[in-house]
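What follows is a set of notes on a single structure, which appears directly below.
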Amino acid sequence: MSTSENLSSGTGIVARFGLANWRQNIIYIGFAVIFLIFALTLNDKGFLNPNNLLNIVRQTAMIAVMAIAMTFVLSAGEIDLSVGAVAGLASVTTAMAIDVGGLFFGVAAGLATGIAVGVFNGLLTTRIGIPSFLTTLAMMGIAKGVAMWVSDTSAVPIIEPAYSWLFGGGSIGIIPVLLIWMVVLGVIGHFVLKRTSFGRRVLATGGGETAARYSGIDTSSIKFRVLIVSSMAAALAGMLYAGRLQSGRFQLGEGDELSVIAAAVLGGTSLFGGYGTVIGTIVGALMIGLINNGLILMGLEFSQQLIARGGIIILAVALSQKRS
Amino acid sequence: MGQGAIPDSSGQKDRGAGMTGTTHAVDMRGIVKHFGGVKALQGVDFQVEAGEIHALLGGNGAGKSTILKVLNGVHVPDEGTIEICGTKIIAMSPEASRDAGVAMIFQEMSLIPTLSVAQNVYLTREAKTGAGLIDDRVAERKAKELFDMLEVDVDPRALVGDLGAGQKQLTEIVKAISQDARVLVLDEPSTALSVSDVERLFVFLRKLKSQGVAIIYVSHRMDEIARIADRATILRDGRHVITAPLSELPIDTMIEHIVGKRSKGLSDVARESAELGEALLELVNVSGAHKPQDISLTVHRGEVVGLAGLLGSGRSSLARVIAGIDPVASGEIRVAGTPVQINKPKDAIDARIALVPEARATQGIIGAHSVASNISMAVLDHLSNRSVMNTQAVRETADHQIKHLSIKTASRDHAVSTLSGGNQQKVVIGKWLAADPDILILDEPTAGIDIGSKSEIIRLVRDLAKSGKAVLMISSELSELLTACDRIVVMSEGRAAGTYPRHDLDDPNLPADDTMHQLQAAEQKLQFHIQEALKHQGHAHVHQ
């Protein structure tokens, strides 16, 4: 009797590391396959040109930075829809503060914007109990409105070469600074999620909130903190946008929340909490950038790009979904 | 079980140290707890020693779960003192209880399915490397040592979501032990377990006992208690009845203490001999995917058949299979002599079968909607003309059921949630009667309603049968089944263990008109049959 049960639990483990793992790793396979297809069909249009490849990194770094934090938010069973609008707002506040008080004041203003929004989102979600979906949906409008108001809907120029180099525009040799930001934050994010007790508590909160509370985890505090992390990452992304374009504009980051969530889910992070992988998220973000780039090189019109991108993302997410 | 001599593990720290015979692991005295006007506990004493397995027994409403919630710090008692391992607990709270060493094993409640076994055991107490990063390999090694020492066969690297029910439970207990729990509370631990998992649990519990852990074991299964427990405490109606070693408590004595003297109320409901019509519902060797197994059963027009058994015996599963909610794996269902295919609830409704489900709040009513809207919910197609609701017909249907069932509500437009439990239940019944079924299945129709409404519901069930319906009724309160039913089928592990015509359960030595004592005697007999069925089923499985 016990043998047969051991066998059946054994097949469960096989299934987990076989089929389910295949699903979890679909992002890496998909990335390789799409890269290969583009390399073969678009080579004459300069797809493999190192400059083009680095451009993909430059275009996706901000999405990746926000998606790393979104991995924590989703793993904790929450969501943050305000990241795109917060990026726009932070780009404006940073640009304005640089104009007044220079580089450091600008950076401080940008980060303070992120903290302020995060505290607001976190308090509404954990103290009043409004679902984060609604809190951050409302914040999306508020952040955009504030950004439009304070900037009078016009671009705020940044005349500070050091800022522009550090936040987005510069490169060390051939390596863009944006790539360094992405890799450094990715490594930190990966270790925090997988190897710190904070990361473990995030996964526990999203995996089973009741059980986590019974185990002595302050799940409200965890949710509060992931929402702050997410807003700060969004603010940083906005600062990177501002540095790259040497100006702050409320439109920067507009609509990014969808790409950010798609990147995390493509990478294997569960929309329902409990599972998350930062490395998968970064590859997911790169894949979205890859697809955008390839579709442009193919000469598709913007309307066609939108349709093709949506279709590819749906396909990839459908393949990577865990079946219960 | 041939494992009496479990080697002493020297690795485990001596939990019994410093405890003398006079210190109880749990010492609760004079515990009083009222909920509004309801006296849940009326001065209960409860003592458990270190190194014993102590069974806590009692019928529904005896106060078992209340006293456990007091021990666990969920309920603050109105009066009484609590000492845990010699420490007097002054301000009782879940935290204070846990810090004093009490661990309640919830059914999988404290495990996170998306984390591994080792990660769960050491959640919030993770092993760290020198750099302060979590090191799961150390946790896995520690967990492996702990599981090996306690002789529990669970892979620390396995994901909890992939474990079977038995392994999950063992993991939960190990987690509690690793947090220095000295009093373990297990509430119906065997319900979700297979026979072999129960054996493994027992071996494990004996091992913990030998290490000085006090174990409180709550179960309705007296055969299990007789095998695992050293002593038992029986509660009834919020009072302590007896605490004695199991050797002084044979099963029939336990049953006597649990049932006690029946309070009046239910015995008032007159039991009438049914005039049986033709067979309306016939089950021939019906099995579901897991439960029920191989059920053959006939319910006639005008008859009430009861399903008795413990939680998990397959009663509700059988109801769901007949009502088309769960699939039929094999066997045949006949309605009025004609075989019917029931693949979905609509098929059952078309065959004029109605199920009044067990969880009233989630499966039965929409509390915020009006009485009329709830009653008409299942028959909207009949009350509509090309999808447009005939509001006049809806009102008439509602009014008819309100009158027919004497539902006490200010009007048909009041929200169902404003009604009392008994009247809410009548709304659910009315909803199905509006569809005019021939066969009515009632799953725990009296759960959570007061005694007065209970006897009203029972009377209603009798009336429905008399009006020509075939009724199948599930209840965990045996006295209700005995009052309502013409025949009672005892179920155990998904199978029908025996069928008892109601009059066979009467005691010929008692006067027939002494309904109160007759009911009490019948309840003891039926309880005995249920326990016997458990014993036989258990053996049958072990020898397979």
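The values are calculated or read from the model by the stated rules, or taken from the named source; none is laboratory data. Keep in mind that this is a model prediction, so the values were computed, not measured. Cβ sites come from the backbone with ideal geometry, for glycine too, and all protein chains shown count toward neighbours.
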request  = Give the stretch B:163-193 a look and list any residue that's more than 11 Å from every other protein chain (Cβ to nearest Cβ) and in a loop (DSSP other than H, G, I, E, B), or say none.
outcome  = B:Asp180, B:Ala181, B:Arg182, B:Glu188, B:Pro189, B:Ser190, B:Thr191, B:Ala192, B:Leu193
ask   = Mind checking which residues of the stretch B:117-145 are away from chain A (no Cβ under 11 Å) and either modelled with pLDDT under 90 or assigned to a strand (DSSP E or B) (or both)?
value = B:Gly130
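Return yes when B:Asp326 is in the same structural domain as B:Gln531 (by TED's automatic domain parsing), assigned to a loop (DSSP other than H, G, I, E, B) and closer than 18 Å to B:Val286 by Cβ and no when it is not. Please lay out each step first, then the result.
Values: in the same structural domain as B:Gln531 (by TED's automatic domain parsing): yes; assigned to a loop (DSSP other than H, G, I, E, B): yes; closer than 18 Å to B:Val286 by Cβ: yes.
It is true that B:Asp326 is in the same structural domain as B:Gln531 (by TED's automatic domain parsing), assigned to a loop (DSSP other than H, G, I, E, B) and closer than 18 Å to B:Val286 by Cβ.
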request  = Just one of (1) more than 30 Å from B:Ile234 (Cα to Cα); (2) modelled with pLDDT under 85 trips up B:Ser110, so point out which.
outcome  = (1)
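Restricting to the stretch A:242-255, and then to whatever is crowded, with 24+ Cβ neighbours inside 10 Å and in contact with a Gly (Cβ under 6 Å, 6 or more places away or on another chain), can you tell me which residue is farthest from A:Ile98 (Cα to Cα)? Outline the logic, then answer.
First, the residues of the stretch A:242-255 that are crowded, with 24+ Cβ neighbours inside 10 Å: A:242-243, A:248, A:250, A:252-253.
Pick out the ones that are also in contact with a Gly (Cβ under 6 Å, 6 or more places away or on another chain) and you get A:242-243, A:250, A:252-253.
Numbers: A:Ala242: 11, A:Gly243: 11, A:Phe250: 16, A:Leu252: 17, A:Gly253: 20 Å.
Among those residues, the one meeting the criterion is A:Gly253.
Out of all the residues in the stretch A:289-297, is one or more farther than 18 Å from A:Gln59 by Cβ and either in contact with a Gly (Cβ under 6 Å, 6 or more places away or on another chain) or modelled with pLDDT of 90 or more (or both)?
Filtering the stretch A:289-297 for residues farther than 18 Å from A:Gln59 by Cβ gives none.
No, that holds for no residue.
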ask   = Looking at the stretch B:487-501, is at least one residue part of a loop (DSSP other than H, G, I, E, B), more than 20 Å from B:Thr191 (Cβ to Cβ), free of Cβ contacts under 8 Å to residues at least 24 places away in the same chain and in the same structural domain as B:Arg320 (by TED's automatic domain parsing)?
value = no
task = Could you check how many residues of the stretch B:355-405 are within 28 Å of B:Leu281 (Cα to Cα) and in a loop (DSSP other than H, G, I, E, B)?
result = 10
inquiry  = Pairs please, first residue from the stretch A:184-206 and farther than 15 Å from A:Val73 by Cα and of a type in the set (Lys, Arg), second anywhere and modelled with pLDDT under 95 and surrounded by 18 or more Cβ atoms within 10 Å (Cβ to Cβ), Cβ atoms under 7 Å, 6+ apart in sequence or on different chains.
reply    = A:Arg195/B:Ile134
task = State yes or no: is B:Val218 in contact (Cβ under 8 Å) with a residue 60 or more places away in the chain and either under 29 Å from the mean Cα position of the chain (by Cα) or closer than 23 Å to B:Gly312 by Cα (or both)?
result = yes
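Any idea which of B:Leu276, B:Leu266, B:Leu249 is at pLDDT 85 or above and either surrounded by fewer than 18 Cβ atoms within 10 Å (Cβ to Cβ) or under 24 Å from the mean Cα position of the chain (by Cα) (or both)?
Working: B:Leu276 fails: at pLDDT 85 or above; B:Leu266 fails: at pLDDT 85 or above.
Being at pLDDT 85 or above and either surrounded by fewer than 18 Cβ atoms within 10 Å (Cβ to Cβ) or under 24 Å from the mean Cα position of the chain (by Cα) (or both) holds for just one of B:Leu276, B:Leu266, B:Leu249, which is B:Leu249.
One line per residue, one yes/no per condition, for (1) within 14 Å of chain B (Cβ to nearest Cβ); (2) crowded, with 23+ Cβ neighbours inside 10 Å:
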site: A:Tyr214; (1), (2): yes, no
site: A:Asp218; (1), (2): yes, no
site: A:Ser231; (1), (2): no, yes
site: A:Ala234; (1), (2): no, yes
site: A:Glu257; (1), (2): no, yes
site: A:Ala263; (1), (2): no, yes
site: A:Thr269; (1), (2): yes, yes
query = How many residues are within 23 Å of A:Ala64 (Cα to Cα) and out of contact with any helix residue (DSSP H, G or I) (no Cβ under 7 Å at 6 or more places or on another chain) if we restrict to the stretch A:175-199?
reply = 10
query = Within the stretch B:151-162, can one find any residue that is within 8 Å of chain A (Cβ to nearest Cβ), at pLDDT below 90 and not in a loop (DSSP other than H, G, I, E, B)?
reply = yes
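Out of the residues in the stretch B:197-215 meeting the condition of being in contact (Cβ under 8 Å) with a residue 40 or more places away in the chain and within 28 Å of B:Gly314 (Cα to Cα), tell me which one is surrounded by the fewest Cβ atoms within 10 Å (Cβ to Cβ). Reasoning before the result, please.
Narrowing the stretch B:197-215 to residues in contact (Cβ under 8 Å) with a residue 40 or more places away in the chain: B:199-200, B:202-215.
Now drop any that are not within 28 Å of B:Gly314 (Cα to Cα), which leaves B:199-200, B:202-205.
Working: B:Glu199: 19, B:Arg200: 20, B:Phe202: 18, B:Val203: 16, B:Phe204: 18, B:Leu205: 20.
Among those residues, the one meeting the criterion is B:Val203.
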remark   = Filtering the stretch A:154-184 down to residues that are of a type in the set (Val, Ile, Thr), crowded, with 20+ Cβ neighbours inside 10 Å and over 16 Å from A:Leu252 (Cβ atoms) yields A:Val177
key: Residues within the stretch A:274-294 that are on the phi < 0 side of the Ramachandran plot and part of a loop (DSSP other than H, G, I, E, B), tallied   = 3
task = Pairs only if they're at least six apart or on different chains, beta carbon under 6 angstrom, first in the stretch B:72-90 and free of Cβ contacts under 8 Å to residues at least 40 places away in the same chain, second surrounded by 18 or more Cβ atoms within 10 Å (Cβ to Cβ) and part of a strand (DSSP E or B); list them, first residue then second.
result = B:Ile89/B:Ile82
inquiry  = Exactly one condition in (1) within 21 Å of B:Gly468 (Cβ to Cβ); (2) in the same structural domain as B:Ile488 (by TED's automatic domain parsing); (3) in contact (Cβ under 8 Å) with a residue 40 or more places away in the chain is false for B:Gly309; which is it?
reply    = (1)
message = Return the residues of the stretch B:90-116 that are closer than 30 Å to B:Ile258 by Cα and either away from chain A (no Cβ under 14 Å) or in a strand (DSSP E or B) (or both); say none if nothing qualifies.
response = B:Met92, B:Gly101, B:Val102, B:Ala103, B:Met104, B:Ile105
